[in-house]
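Every number here is computed from the coordinates shown, using simple stated rules; none is lab data. The shown structure was predicted, so the numbers you read here are calculated from the model rather than taken from an experiment. Here the Cβ is made from the backbone with ideal geometry for all residues, glycine too, and neighbour counts use every protein chain on show.
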Amino acid sequence: MLKVIMTLLIGTLSLFASSDSTVEIPNLTMTWVGFATLIIFIIGYYFVAAEEKYAIDKAKPALFIGTFMFMLIALYYTLNNLDMNLVHTQAQHLILEIAEIFFFLFVAMTYIESLLHMGVFDALKYNLVSKGYTYRKLFWVTGFLAFFISPVADNLTTALILSTVLITIEKTRKDFLVPGAINIVVAANAGGAWSPFGDITTLMAWTAGKGVFTDFFYIFPAAISGYLITAFLLSRFVPNVVPDFDITKEVKPKMAEGAKVVMALGVFTIFCAVMSHQILHLPAMWGMMFGLSLVKVYSYGLGKKHGKEHFNIFHSMAKIENNTLMFFFGILAAVGALYFVGWLGLAAVVYNPDVLGPTWSNIGVGFLSAVVDNVPVMSAILKANPTMGLDQWMLVTLTAGVGGSLISFGSAAGVGGLGKLHGIYTFGSHMKYAWTILIGYIFSCSVWYIQYEVLGISHF
């Protein structure tokens, strides 16, 4: 799932980076369609943020603005006799990249629902709670799991898995669930920042040659220190009491036969996704779909042995959060439209030393990625390709990934958490604790500065 975000972000990058560079795309920012798309985007994002207030699913406004903005652009091109091939080409690239993200998420969510059906998360919940851990200790355990799983599995997948664990441990106590969800989102984003394939932003930078594989590992001190600060502050709001769980009265859940094989196939599927992209030069979703084919074959075998109801992969597919998929489609289409019009390209100006310069601009990227999403933001920066050293490219990789935690829907991990803890973890509940994330973000940037600019530790 985290990979989804990664794929999601990478998709948008590829969308524009792969377009025909020999054809100049007109800058429409100062036209009526330029202002219209910007206003529509702002209004749409307001309703996404106010999901709880208006009782409207975030997918609805996202899908509306994403489709409508591109239709307005096409209308403008038609009325002004501009080259419609540009619109057609950009729309095709966007569709292809969104499809990659869509199917990546689809497979990841299918695995989550399958594991849920087979009792894996019930067993994990039992193992955690039966040890007598307090809510606060469970908070720390799930956070550290998120931080160290996300560099391998990607932040979205990590957030989806551990959010499911949270809701199986406790279904009602918001004083545990809300800080716990925020903790997982922050940990997943921070953990993904120091791995070349832990987040889409790091993957973008790596594939663009802004650092070698090992360069990203040097972000680890800044990533974990910022997370620990935020987690410590959040933990103060988590009750230090043991969940209402009497092990003598509870039946130890048993995982369904074949559950361990499905888990192994899930790990192998993530491996296939990474290898598909890095070695075979295929989209990451290709490896995910291959993994899905394997679990479908395995489910067929289990059905023959134990009956179709034992494990039916199609039942898992039917339980997927389709609204989350539609939200991603809408948002990616919307940010793609903003880029096409020219708004995101304006960001490159701030890197001029006479304006903000690289350091303050890259720190600002974190705040921008929380609102716009780090996919298009990183895409715009890489396309503009400002002159920066390794230290600055590592900083923008860190801030683009970690900064997405500042707002609930600013990262794939956050969106995944919103879907899994619907009605509990919301935009409003996230913003209540956003100050803890801001303090951690500032601390991460400070550690980066000391490490790279003062001590000069940046690579082997």
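Which of the trypsin sites (Lys or Arg not before Pro) across region 92-138 are loop residues per DSSP, with 14 or fewer other Cβ within 10 Å? When the trypsin sites (Lys or Arg not before Pro) of region 92-138 are filtered for loop state and at most 14 Cβ neighbours within 10 Å, LYS131 remain. A full extension of the chain between ASN322 and MET84 corresponds to an added length of 82.5 nm, given 0.36 nm per residue minus the alpha carbon distance.
Taking 0.36 nm per residue of separation and subtracting the current Cα-Cα distance, fully stretching the chain between LYS53 and THR387 would add 115.9 nm. As I understand it, the value is the acute angle between the Cα axis of helix 322-341 and the longest principal axis of the Cα atoms of the chain; what does it come to in degrees, rounded to 10? Tilt relative to the chain: about 20 degrees. Sorting 312-325, 439-452 by average packing, meaning the other beta carbons within 10 Å per residue, from highest down gives 439-452, 312-325. Highest-first packing order for the peptide set 222-228, 113-119 is 222-228, 113-119, based on the mean count of other beta carbon atoms within 10 Å. For the chain, the longest principal axis of the C-alpha atoms and the axis of helix 284-306 are separated by about 20°. Separation of region 381-403 and region 424-460, taken as the distance between their Cα centroids, equals 15 angstrom.
Each helix, a run of at least 4 DSSP H residues, gives -39500 (n - 2.57); summed and divided by the residues of the chain, these come to -23000 deg cm²/dmol at 222 nm.
Each Lys and Arg adds +1 at its Cβ and each Asp and Glu adds -1 at its Cβ; summed about the Cα centre, region 156-296 shows a dipole of about 180 debye. Between helix 84-117 and the chain, what is the angle of the helix's C-alpha long axis to the longest principal axis, kept within 0 to 90° and rounded to the nearest 10? Between helix and principal axis, roughly 10 degrees.
When ILE161, ILE65 are arranged by Cβ crowding within 10 Å, least crowded first, meaning fewest neighbours, the order is ILE65, ILE161. Legend: residue pairs LYS252/LYS304; LYS210/LYS420; LYS131/LYS305; LYS60/LYS254; LYS171/LYS252, Cα-Cα distance threshold 29 Å; pairs beyond threshold, LYS210/LYS420; LYS131/LYS305; LYS60/LYS254.
The mean sequence distance of close C-alpha pairs (under 8 Å, at least 6 residues apart), as a share of the length of the chain, puts its relative contact order at 27 percent.
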